[in-house]
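Before any comments, here is the structure.
The values are calculated or read from the model by the stated rules, or taken from the named source; none is laboratory data. As the structure is a computational prediction, the values presented were derived from the model and not from experiment. Please note: Cβ atoms are built from the backbone with ideal geometry, for glycine as well, and neighbour counts cover all protein chains shown. Protein only, heavy atoms only, side chains kept; ligands, DNA and RNA dropped before computing areas. Shrake-Rupley method; radii C 1.70, N 1.55, O 1.52, S 1.80 Å.
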Amino acid sequence: MVIQLKIDRVLQGSFALKALNLLFVFQVNCPGCFIYGFPLVNKLHWKYCQSGLNVLGISTAFEDFEYNTAANTELLLTEMKLVGAT
């Protein structure tokens, strides 16, 4: 099976499909993402990185569209700052 990704913008790092891939979809100000999602993804990354686990995070918006922007995602990645309430 061939999977083609169409990427609008890469904010950090690079990604190429490998044998073992994890896709993490999150929202910039989602409480569940910060309480459960990010810690779980970090744990999985560190546990399986030697096995070749490849992690791709996709920032999306399903509510609070004014906060879930590429600029605010970049702010989160570079300065660990949140915009809006989590």
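Observations on the model:
- For the chain, taking a cut-off of 4.7 Å between Cβ atoms, the unpaired cysteines are Cys49.
- Using θ = phi - 60° in the Karplus curve 6.51 cos²θ - 1.76 cosθ + 1.60, the 3J(HN,Hα) couplings for segment 69-77 round to 10, 4, 4, 6, 5, 4, 4, 5, 5 Hz; x is entered for Gly and Pro.
- Per-residue 3J(HN,Hα) values for segment 19-30, derived from phi via the Karplus relation 6.51 cos²θ - 1.76 cosθ + 1.60 with θ = phi - 60°, read 5, 10, 10, 10, 9, 10, 9, 9, 10, 4, 10, 8 Hz in sequence order (x marks Gly and Pro).
- Taking Lys and Arg as +1 and Asp and Glu as -1, the other residues whose beta-carbon sits under 15 Å from that of Asn72 total -3.
- Interchain or long-range residues, amide H under 5 Å from Asn21's placed H: Asn54
- Taking only the Cα atoms of the chain, the radius of gyration and Dmax are 13.7, 41 Å.
- Taking amide H as placed 1.01 Å from N in the peptide plane, the amide H of Gly57 sits under 5 Å from that of Phe24, each at least 5 places away or on another chain.
- Loop-resident sites, segment 18-86, for GluC sites (Glu not before Pro), counting at most 10 other Cβ within 10 Å (DSSP): Glu63, Glu66
- Solvent-accessible surface of the chain, taken per residue with a 1.4 Å probe and all protein chains present: 76 Å².
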